[in-house]
Amino acid sequence: MIADIEAGVAFTRNLIGKDRLDNRVMTAMRQVPREKFVPRDLRYAAFRDGALPVGHGQTISQPYIVALMTDMLELTEDSIVLEIGTGTGYQAAILACLASQVYSIERIAALAEAARQRLADMGYDNIEISCGNGYQGWPEKAPFDAIVVTAAAPSIPPALLEQLKPGGRMIIPIGLPARHQELMLVTRDKLGETHTSSLLAVAFVPMVDDY
Ligand code: SAH
């Protein structure tokens, strides 16, 4: 899996603007046991560099994409991070290795509860999961140093932008389901001005707004 991530990075280096990802990110990718986050009958495929179905019509993201999105956030051990789309909790676990505190929101109650249980059993004590609509962010815990959205939204949700600190970084797939989606890096500079850049084409499940 690690060799496949490195190959993916090398293959996309012109798009992502780097030859290799941060060593700390790669260490986290080595340490977090992905097999514990995939359904039992798919464990044989846990270390393939691809997304896998995890029930409720949702997926666990491709390891290369998880590593890339994490790298782009430039986390430090003091970072407070918000994730939208907990799913299995795998991305949250990777973030928790690199940041001080991770908040993650999942709209499907059964997934939120399963992820909460799984991460607690594994001993993660710096991840808090809430069941709800990620379009609203998590105002009580804001502002965040970094925000990672793991479902595709048609445009950048305004509440998430508001909850990003000046100097903060957000990574989010933008586009409609089954259409072209782009992974976007959104930064707020120290004056609060927003800058966006597109990295590469991706395929995420949709960020649902049915509230
Ligand atoms: N990060 C996950 C994979 C995410 S799949 C992992 O590491 O396993 C995308 C997830 O986003 C799904 O679980 C889906 O239910 C959730 N989602 C979709 N729309 C959402 C919304 N508006 N608010 C919160 N979660 C949402």
Straight-distance crosslink candidates among lysines, where the alpha carbon sits under 27 Å from LYS165 and sequence neighbours closer than 8 are dropped = LYS18, LYS141, LYS190
DSSP beta bridge pairing in the chain, given as percent antiparallel to the nearest 5 | 45 percent
Taking Cα pairs under 8 Å and at least six residues apart, what relative contact order does the chain come out at, in percent?
-> 15 percent
Please list, in chain and number order, the residues 5+ apart from GLU83 or on another chain whose amide H is under 5 Å from its amide H, with Hs placed from the backbone.
-> TYR103, SER104, ILE105, VAL148
Which one of TYR44, GLY17, ILE80 has its Cα pushed farthest toward the positive end of the charge dipole of the chain, where Lys and Arg give +1 and Asp and Glu give -1 at the Cβ?
-> TYR44
Quick one: order TYR124, TYR90 from most to least accessible surface, probe 1.4 Å.
-> TYR124, TYR90
Stretched out fully, how many nm does the piece from GLN31 to LYS141 gain, at 0.36 nm a residue minus the Cα gap?
-> 36.8 nm
Direction-averaged shadow area of the convex hull around the Cα atoms of region 26-93, nm²?
-> 4.7 nm²
In terms of solvent-accessible area of protein heavy atoms at a 1.4 angstrom probe, what is the ranking of HIS180, HIS195, highest value first?
-> HIS180, HIS195
Alpha-carbon Debye profile of region 2-202, log10 I(q)/I(0) at 0.09 Å⁻¹ | -0.30
Which of ASP4, ASP125, ASP41 is most accessible, then next, and so on - probe 1.4 Å | ASP125, ASP41, ASP4
When the chain is fully extended, how far beyond the present Cα-Cα distance does ASP49 get from PHE11, taking 0.36 nm per residue of separation?
-> 12.3 nm
Counting all Cα-Cα pairs in region 141-192, those more than 19 Å apart amount in percent to 25 percent
Estimated inter-spin distance, LEU176 and GLU77, nm [label 7 Å along Cα→Cβ] = 4.7 nm
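The values are calculated or read from the model by the stated rules, or taken from the named source; none is laboratory data. A quick note: this is a predicted structure, and the numbers were derived from the prediction, not measured. As a convention, Cβ positions derive from the backbone with ideal geometry for all residues, glycine included, and neighbour counts pool all protein chains shown. Remember, those area values only see protein heavy atoms, side chains included, never the ligands or the DNA or RNA. Shrake-Rupley method; radii C 1.70, N 1.55, O 1.52, S 1.80 Å.
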